[in-house]
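A.B. asks: There's a structure below that I have some questions on.
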Amino acid sequence: MPKRKKNKANPQSNFLTAVAWMLAIIALILSALVGGYYFGYENAKEDFAKQENIEKQKKVAYLKKLEEETKKQEAKSVNEKLKDVLKKEEGQKEETIEAEPSKVEVSKPLVKGESVNYTSASHEIDDEKLDTEAPEKREIKRTSAKPKVAIIIDDVSTPAHVKAIKNLSMPITMSFLPPSQGRAQSAKLAANEDLYMVHLPMEAQTFSAEEPATLRINDSQEKISSRIAEIKSLFPKVHYINNHTGSKFTSDEAAMKRLVQALQAEGISFVDSRTTGTTKAPKVMKSFGLNYIARDVFLDHHMDKAFIHKQIKKVVEIAKKHGSAVAIGHPHANTLLTLQESKKLFEDVELVYINKID
């Protein structure tokens, strides 16, 4: 029987098989790579998002910390500026008369033509109880608008005072003392302001250190009118005056009538500093058909910051009850520093200049 011949392997078929296996292996490798890349990409993407969120949180925390530090530095800077500008200017020679916070009278009389720096606001009032008594029976107002608070700073008379007040960046009404030997620049300083008041010296019951040209109860209509015309000439833009001391003058109805008549002739309104509980200003203003505006709170007849802070709270409470309130302070370091540090207390009220109080 003849032997079968073995079939020889087809080289072409073997080649194709090998190619097919190679392609299959390559496909598996590519699938693995693509799958690994996809899952790796998703994991990497998730890791990146987490890292990005962590970095974002770090950045926010850093910015918050930076903002807090900046605010602290700004507050410190403002406080330092206030302290600095309130130092006596070089070469300034003004006599300081010490006044006990609990006393009103300053025993040392002022030499004619001389000026004085007041170390507290106690020279303004005859009775400390005035600060806890309402100026008059006021209507309790409930409005949708924010209550208004006007802050007046009296005794402004030097560039340092003006600079310190402006550094507060608050709508504060400056009330300038008339020019005198020690305060020659006060009218010139006021000329640079759009709105200001004049803090007009008037006769007191017990305060003996009078300013030059203080109005007295026995002054004639002619003399009072002449003085007010002089004030208008010195301060052409003035539309409001308030009394410096003046407990005796404002308690005299006839004297107040002469004053209000003179003020009306010059287009000036009177704001009662309310230095006495016996002021006749409400009665006189009513007789002239005029609105009565008066101080509600003295901020600094005691000079410590805790007291001033308490007074700021008080004026805000009064404004909330009556719709508006007026506070009077002085350009002392503690007063201005406390105002700067107490800005949050004013968030529920609108700080305004005196011309917005009615």
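A.B. asks: State all residues of the stretch 271-281 that are under 30 Å from residue 342 (Cβ atoms) and surrounded by fewer than 19 Cβ atoms within 10 Å (Cβ to Cβ); if no residue qualifies, say none.
C.D. replies: Across the stretch 271-281, the qualifying residue is only 277.
A.B. asks: Restricting to the stretch 311-330, give me the number of residues that are part of a helix (DSSP H, G or I) and more than 14 Å from the chain's Cα centre (by Cα).
C.D. replies: Residues in the stretch 311-330 being part of a helix (DSSP H, G or I) and more than 14 Å from the chain's Cα centre (by Cα): 8 in total.
A.B. asks: Which of the residues belonging to the stretch 210-246 are at pLDDT below 95 and on the phi < 0 side of the Ramachandran plot?
C.D. replies: 210, 211, 212, listed by residue number.
A.B. asks: Something else about it: Kindly check whether there is at least one residue in the stretch 225-241 that is of a type in the set (A, V, I, L, M) and either in contact with a Cys (Cβ under 9 Å, 6 or more places away or on another chain) or closer than 16 Å to residue 326 by Cβ (or both).
C.D. replies: Yes, some residue in the stretch 225-241 is of a type in the set (A, V, I, L, M) and either in contact with a Cys (Cβ under 9 Å, 6 or more places away or on another chain) or closer than 16 Å to residue 326 by Cβ (or both).
A.B. asks: Right, next: Any chance you could count how many residues in the stretch 283-310 are of a type outside the set (Val, Ile, Thr), surrounded by fewer than 24 Cβ atoms within 10 Å (Cβ to Cβ) and not in a loop (DSSP other than H, G, I, E, B)?
C.D. replies: Total meeting the criteria: 10.
A.B. asks: Among the residues of the stretch 170-190, write down those that are modelled with pLDDT under 95 and among the hydroxyl-bearing types (Ser, Thr, Tyr).
C.D. replies: Passing the criteria: only 180.
A.B. asks: Right, here's the next one. Assess whether residue 268 counts as being buried (at least 20 other Cβ atoms within 10 Å of the Cβ), in contact (Cβ under 8 Å) with a residue 12 or more places away in the chain, in contact with a Gly (Cβ under 8 Å, 6 or more places away or on another chain) and hydrophobic (A, V, I, L, M, F, W, C).
C.D. replies: Against the criterion (buried (at least 20 other Cβ atoms within 10 Å of the Cβ), in contact (Cβ under 8 Å) with a residue 12 or more places away in the chain, in contact with a Gly (Cβ under 8 Å, 6 or more places away or on another chain) and hydrophobic (A, V, I, L, M, F, W, C)), residue 268 does not qualify.
A.B. asks: Moving on to the next point. Going by what's in this entry, would residue 254 be described as more than 29 Å from the chain's Cα centre (by Cα) and outside any loop (DSSP other than H, G, I, E, B)? Before the answer, list the steps.
C.D. replies: Numbers: more than 29 Å from the chain's Cα centre (by Cα): yes; outside any loop (DSSP other than H, G, I, E, B): yes.
Taking the combined requirement at face value, the residue satisfies it.
The values are calculated or read from the model by the stated rules, or taken from the named source; none is laboratory data. Since this is a predicted model, take the numbers as computed values, not measurements. Every residue, glycine as well, gets a Cβ built from its backbone with ideal geometry; the counts of neighbours run over all protein chains shown.
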